[in-house]
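Asks: I have a structure I would like to understand better, so I am pasting it below and will then ask my questions one at a time.
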Amino acid sequence: MTYDFLIIGSGISGALIARELSKYDVKTILLEKENDAANHATSANSAIIHSGYDPDPGSLKAKLNVEGNKLYDQLEKELDIPLFKNGAFMVAHDKDEEGLLERYLERAKTNGVPGVALLDQAEAKKLEPNLADSVTKVLNLPTTKVTYPWEVAIASIENAVDNGVLFEKNQTVEKIDKQDEYYVIKTAEGTTYQSRYVINAAGAYAEQIAKMVEKNVQYHITPRKGEYIVLDRRVQGFIKRTLYPTPDEKGKGVLMVPQFHGNILIGPNSELQSSLDDASTSKGGINVVKEGANRLAKNIPFHQTIRTFSGVRASSTHHDFYIKPSLEQPGFIHVAGIDSPGLTAAPAIAKYVVETLIIPQETLPINKHFNPRRQAIKLYDDMSLSERQEAFKADQRYGNLVCKCERITEGDIVRHIHRAVKGDSVKAIKKRARAGAGICQGGYCEHQIIKILAKELGKTPLEINYFAKGSNILKRETKVKS
Ligand SMILES: Cc1cc2nc3c(=O)[nH]c(=O)nc-3n(C[C@H](O)[C@H](O)[C@H](O)COP(=O)(O)OP(=O)(O)OC[C@H]3O[C@@H](n4cnc5c(N)ncnc54)[C@H](O)[C@@H]3O)c2cc1C
């Protein structure tokens, strides 16, 4: 089969580009090297839909950030994704930082961010009583939102698949050759594809992919790690808004981010590293995060910490998003250097790639059957009493509570296993149904999730992965049989 478009990488960029292309009557395939969509930067970030106060005016980041922020309201309706419209404060502690607030107020206005204003200490404290006492002034950024990043990517792929796109995971692109008007793409798993266009949305690996095609890649990826602490959702309401410090030379700094489901995320730090995917955490990094947070709020309930994690930003030497056609090979498009605010900008990135880079080159016929809507699966815990009664009547597995912390039933898990983009690992179920995302982090329910996955997928429990390929938790049978 020959495709018109082959997209490499199913993070938020590739997922939304796939969906955007599904609006046209073209053959598109999305390839992912991992055993699930959105396993890299898209699954380990602050989840903020930034307002656009931060990027340099005139940059692609500034334009696509502000546009992307608005497009999330449309995505919420079309894809039924979580979107928490909680706003944000950037806080200052002294005259110097107050000067920075004024600078960012002007920058936000230049970038077209609506509703920005300075508030004094008393006004800010009234809205956020747990602000640190040392805070003297804040910049109010009311269009800041929070989403559930991997759910947005998975929902976009599900909608794209529903509209005719093919999604194949466990396919690691390792060789790309140009033959006449086609690219021939080979994967480590032994599959060969042909496509007229290749879109490189491989995140931190974008430079590696580009080197398969170009002699002189115009950017170099300089990975930056960011570490986080997650507080349990019992802290819900401690702060309502996202809290930012004033930015420094390393970026936006350590933030406090109330999440859609009630948890609070604290982080990230920002450390250059050579590895493209080392997502470990360190005591030093977590201490930096705690110190940063203590400048934002007082009496932070750190004792409610349920886990730490880190993500790797695909920053580049270009210092802006590098979204351009190849200078050497027609039909190869770079979507590279997508660090922050890539999550926010992604819907606008997708439009930019299709409408600005592709359509002027060739007319794309409209997909007359495009359906923009995709329906989320409602969890039992979110159902009304009558919905629960109906659900239980139809499937008694809704009566088996598996994840006690997040109140997720077997019925919920089964439905998330069989979604259009299947959840077939323990982490994939955590990402989709939140089973194992609570205070015990799967300690009490993981074994049951493995059993349910094995039963539904027709596999043995030994074959069920925790996360990436080869991460099976159970290594061999013992004499105890269930
Ligand atoms: C710590 C941190 C905090 C952040 N906070 C925010 C925030 O609050 N708001 C915001 O807007 N942005 C934020 N960002 C940025 C945002 O997360 C990223 O810009 C976005 O997730 C990038 O998505 P992507 O699809 O480009 O890359 P990725 O999500 O990394 O996806 C790339 C995909 O390509 C796949 N791939 C790579 N090589 C191959 C290959 N050879 N073959 C097949 N597939 C391949 C990978 O497996 C991966 O799934 C943050 C990032 C980090 C790391």
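The values are calculated or read from the model by the stated rules, or taken from the named source; none is laboratory data. Everything numeric here is computed off the predicted structure, so don't read it as measured data. Cβ: placed from backbone, ideal geometry, glycine included. Neighbour counts: every protein chain shown. Each accessible area value is taken on the protein alone, full model and side chains, heavy atoms only, with ligands, DNA and RNA left out. Shrake-Rupley method; radii C 1.70, N 1.55, O 1.52, S 1.80 Å.
Asks: Sorting check: for 365-376, 324-335, which peptide has the highest mean count of neighbouring beta carbons within 10 Å, and how do the rest follow? Please list the in-between numbers first.
Replies: Working: 365-376: 12.3, 324-335: 18.9.
Final packing ranking: 324-335, 365-376.
Asks: Rounded, prolate or oblate: which fits segment 2-62 when a ≥ b ≥ c are the square roots of the eigenvalues of the alpha-carbon gyration tensor, with rounded for a/c under 1.5 and prolate only if a/b beats b/c?
Replies: Working: a/c = 2.91, a/b = 1.50, b/c = 1.94.
Because a/c hits 1.5 or more and a/b fails to exceed b/c, segment 2-62 counts as oblate.
Asks: Rounded, prolate or oblate: which fits the chain when a ≥ b ≥ c are the square roots of the eigenvalues of the alpha-carbon gyration tensor, with rounded for a/c under 1.5 and prolate only if a/b beats b/c? If you can, show how the numbers build up before the last one.
Replies: Working: a/c = 1.60, a/b = 1.08, b/c = 1.48.
The shape class here is oblate.
Asks: If amide H atoms are built 1.01 Å from N in the plane of the peptide, which residues on other chains or at least 5 residues away come under 5 Å of the amide H of Val402?
Replies: Those lying under 5 Å, H to H, from Val402 are Ile408, Thr409, Glu410.
Asks: Can you tell me the order of 37-49, 53-65 when each peptide is scored by its average per-residue count of other Cβ atoms within 10 angstrom, highest first? Each step should come with its number before you reach the end.
Replies: On the way: 37-49: 25.0, 53-65: 20.6.
So the peptides 37-49, 53-65, ranked by packing, come out 37-49, 53-65.
Asks: In addition: Do the sum for the chain: with -39,500 (n - 2.57) for every DSSP H run of n ≥ 4, divided by all residues, what is the mean residue ellipticity at 222 nm, to the nearest 500 deg cm²/dmol?
Replies: Details: 12 runs with 132 residues, N = 482.
The helix-only estimate for the chain comes to -8500 deg cm²/dmol at 222 nm.
Asks: Continuing with the same structure: Could you give the dipole magnitude of segment 272-379 about its Cα centre, charging the beta-carbon of Lys and Arg +1 and that of Asp and Glu -1, in debye to the nearest 20? Can you show the working numbers first?
Replies: Values: 12 positive and 8 negative charges, 153 e Å.
About 740 debye.
Asks: Which order, highest average first, do 456-468, 217-229 follow once you tally other Cβ atoms within 10 Å for each residue and take the mean per peptide? Write down the numbers at each step before the final one.
Replies: Numbers: 456-468: 15.3, 217-229: 21.4.
Ranked from most to least packed, the peptides come out as 217-229, 456-468.
Asks: Give the residue from Thr308, Ala293, Pro341 lying farthest towards the positive end of the charge dipole for segment 254-367; charges sit on Cβ (+1 for Lys and Arg, -1 for Asp and Glu) and the dipole is referred to the Cα centre.
Replies: The residue sitting most towards the positive pole is Ala293.
Asks: Could you tell me the accessible area of Met90 in Å² (1.4 Å probe, neighbours in place), rounded to the nearest ten?
Replies: 0 Å²
Asks: Select from Gly411, Ala428, Leu401 the residue farthest towards the positive end of the dipole of segment 380-463; place +1 on Cβ of Lys and Arg, -1 on Cβ of Asp and Glu, and compute about the Cα centre.
Replies: Going by the charge dipole, the pick is Ala428.
Asks: Follow-up question, since we're still on this one. If you place +1 on the Cβ of every Lys and Arg and -1 on the Cβ of every Asp and Glu, how big does the dipole about the Cα centre of the chain come out, in debye to the nearest 20?
Replies: Working: 65 positive and 60 negative charges, 280 e Å.
Once rounded to the nearest 20, the dipole reads 1340 debye.
Asks: Right, something else. Cross-link list Lys63/Lys252; Lys63/Lys298; Lys85/Lys351: which exceed 26 angstrom alpha carbon to alpha carbon? Spell out each step's value before the answer.
Replies: Values: Lys63/Lys252 18 Å; Lys63/Lys298 35 Å; Lys85/Lys351 23 Å.
Too far apart for the 26 Å limit: Lys63/Lys298.
Asks: Rolling a 1.4 angstrom probe over the protein heavy atoms, how many square angstrom per residue are accessible across the chain? Present the calculation step by step, with values, prior to reporting the outcome.
Replies: Numbers: 20600 Å² over 482 residues.
Accessible area per residue: 43 Å².
Asks: Sort segment 126-264 into rounded, prolate or oblate with this rule: let a ≥ b ≥ c be the square roots of the eigenvalues of the Cα gyration tensor; rounded if a/c is under 1.5, and if a/c is not under 1.5, prolate when a/b is larger than b/c, oblate otherwise.
Replies: prolate
Asks: Roughly how many debye, to the nearest 20, is the charge dipole of segment 380-463 about its Cα centre, given +1 on each Lys and Arg Cβ, -1 on each Asp and Glu Cβ, and no other charges?
Replies: Values: 16 positive and 12 negative charges, 42 e Å.
For segment 380-463, the charge dipole is close to 200 debye.
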